[in-house]
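Shown next, in structure tokens, is the structure this report addresses.
The values are calculated or read from the model by the stated rules, or taken from the named source; none is laboratory data. Predicted model only: the values in this text are computed from it and were never measured. Reconstructed Cβ throughout: ideal geometry from the backbone, glycine too, with neighbour counts over all protein chains shown. Note: accessible area is taken over every heavy atom of the protein model, side chains too, but ligands, DNA and RNA are not part of it. Shrake-Rupley method; radii C 1.70, N 1.55, O 1.52, S 1.80 Å.
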Amino acid sequence: MAIRLGDVAPDFTAETSQGTLNFHDYLGDGWGILFSHPADFTPVCTTELGTAAKFKAEFEKRNVKMIALSVDGTASHAEWIKDINETQNTVVNFPIIADEDRKVSDLYDMIHPNANDTLTVRSVFIVGPDKKVKLTLTYPASTGRNFYELLRVVDSLQLTANHKVATPANWEHGEKVVVSPAIPTVEAKEIFSRGVEEIKPYLRLTPDPTT
Ligand code: BEZ
């Protein structure tokens, strides 16, 4: 069954390019991002993993551990990582699950038979410190993901987890945020001491409380 927001991210133990690991143990008390790739030695995936490696420091700053998945084995991953490092001018520095038996792909419903009955699509799962799924995304094999967008979503998830706000369209860290509709304006003005701008009774803006 498809994984929905708020579900506990299914736990698993798997072989990876960095040895055997247990998913929940690997995440510890922090956040996680699990993303799947159709197969090793494919061009779009090669660029994605190179980009992901370059973004690792930004995810770490946000206490997010990265883990990728592809349906090939560890020996294949090791050879492919050499190519990724060479062609993308980086060092892949997070584990890639070797999901030869499709155990994790099936657990996370990453194979969409009407797209391709053996390869995984480009799924993304962001998991919170409570191990619950906070975001799911599905891209087709032909579209590489935007890692700036994934960081932006993490910023929004972490902000809205701690403050009674939501983030508007195209929001970026530091821009004004939307006051949660559940809070009456009078109360919002007490909570958000830097000001509440009421455009409509249901549309109130306030400065990003983390800046
Ligand atoms: C790729 O990663 O380049 C790719 C994989 C499967 C189908 C199409 C593209």
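Name every residue in region 21-45 that is among the polar types (S, T, N, Q) and surrounded by fewer than 20 Cβ atoms within 10 Å (Cβ to Cβ), in order of residue number.
Selection gives Asn22, Thr42.
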Would you check if Gly6 is surrounded by fewer than 16 Cβ atoms within 10 Å (Cβ to Cβ), under 26 Å from Asp155 (Cβ atoms) and either away from the ligand (no atom under 16 Å from the Cβ) or within 18 Å of the chain's Cα centre (by Cα) (or both)? yes
Taking into account only those residues within region 64-97 that are part of a strand (DSSP E or B) and open to solvent by less than 20 Å² (accessible area, probe 1.4 Å), which is nearest to Asp29 (Cα to Cα)? Val64
Scope region 37-63; condition away from the ligand (no atom under 16 Å from the Cβ), part of a loop (DSSP other than H, G, I, E, B) and touching a Phe, Trp or Tyr at 6+ places or on another chain (Cβ under 6 Å); matching residues: Asn63
Single condition Leu157 does not satisfy, out of (1) open to solvent by 50 Å² or more (accessible area, probe 1.4 Å); (2) away from the ligand (no atom under 16 Å from the Cβ); (3) more than 17 Å from Ile67 (Cα to Cα); (4) touching a residue at least 12 places away in the same chain (Cβ under 8 Å): (1)
